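Each value in this text was obtained by applying a stated rule to the coordinates, not by laboratory testing. Owing to the predicted nature of the structure, the values given are computational and were not obtained by experimental measurement. As a convention, Cβ positions derive from the backbone with ideal geometry for all residues, glycine included, and neighbour counts pool all protein chains shown.
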């Protein structure tokens, strides 16, 4: 395990912990409420983060191997997200948080297994206009950032809801 890989893994774990910690504070009504502009329920989004970790790690590992990510579009990502939301609409807090714990641990272990050479490997990524991106950038822009991104949206939605209820 390299220092860089460990630091990336720790940031992913931190984000997952922060998301889980906040999710535990939600009321049942908040858990089931929808995020404005997104439309998905908060609980579904927490589960979504866990669901996407293996996919995001696989993309990063492909780049780590020097292979391009070809043919994957944002429309594909939106379809994956919509299908996931439909199939997991009633996810419980316990299910989502357990899945987040397991999936983030697996993702962190996969990141820790990467060498500095793999982190520095670059290949074209179709999600980013075929720009040659490093594995480290792909990790930071997707798996590592993911929980922080959704946590910010969830917090904003909950704070707005709480203010309007007061």
Counting all C-alpha pairs of the chain, share separated by more than 24 Å (%) | 37
Computed label-point distance, nm, for sites residue 24 and residue 145 using a 7 Å Cα→Cβ extension | 2.8
So the angle from the long Cα axis of helix 42-64 to the longest Cα principal axis of the chain, reported in degrees to the nearest 10, equals 0
Once a ≥ b ≥ c are taken as the square roots of the eigenvalues of the Cα gyration tensor of the range 1-92, is the result rounded (a/c under 1.5), prolate (a/b larger than b/c) or oblate (a/b not larger than b/c)?
-> oblate
Taking Cα pairs closer than 8 Å and at least 6 residues apart, the relative contact order of the chain in percent is 39
Quick one: order 159, 56 by neighbouring beta-carbon count within 10 Å, fewest to most.
-> 159, 56
Between the alpha-carbon centers of the range 113-152 and the range 3-66, tell me the distance in whole angstrom.
-> 15
Within 10 Å of each residue's Cβ, count the other Cβ atoms and sort 78, 149, 48 from fewest upward.
-> 78, 149, 48
So the angle from the long Cα axis of helix 74-87 to the longest Cα principal axis of the chain, reported in degrees to the nearest 10, equals 40
Okay, helix-only estimate at 222 nm for the chain: each DSSP H run of n ≥ 4 adds -39500 (n - 2.57), divide by all residues, round to 500 deg cm²/dmol; what do you get?
-> -22500 deg cm²/dmol
Extension gain, residue 115 back to residue 89 (0.36 nm per residue minus Cα-Cα distance, nm) | 5.6 nm
Could you work out the relative contact order of the range 1-85, using alpha carbon pairs under 8 angstrom and six or more residues apart, expressed as a whole percent?
-> 20
Simple label model, 7 Å out from Cα along Cβ direction - residue 55 to residue 129, nm | 2.4
What is the helix-to-structure angle for 93-112, meaning the angle in degrees between its Cα long axis and the longest Cα principal axis of the chain, kept from 0 to 90 and rounded to the nearest 10?
-> 20
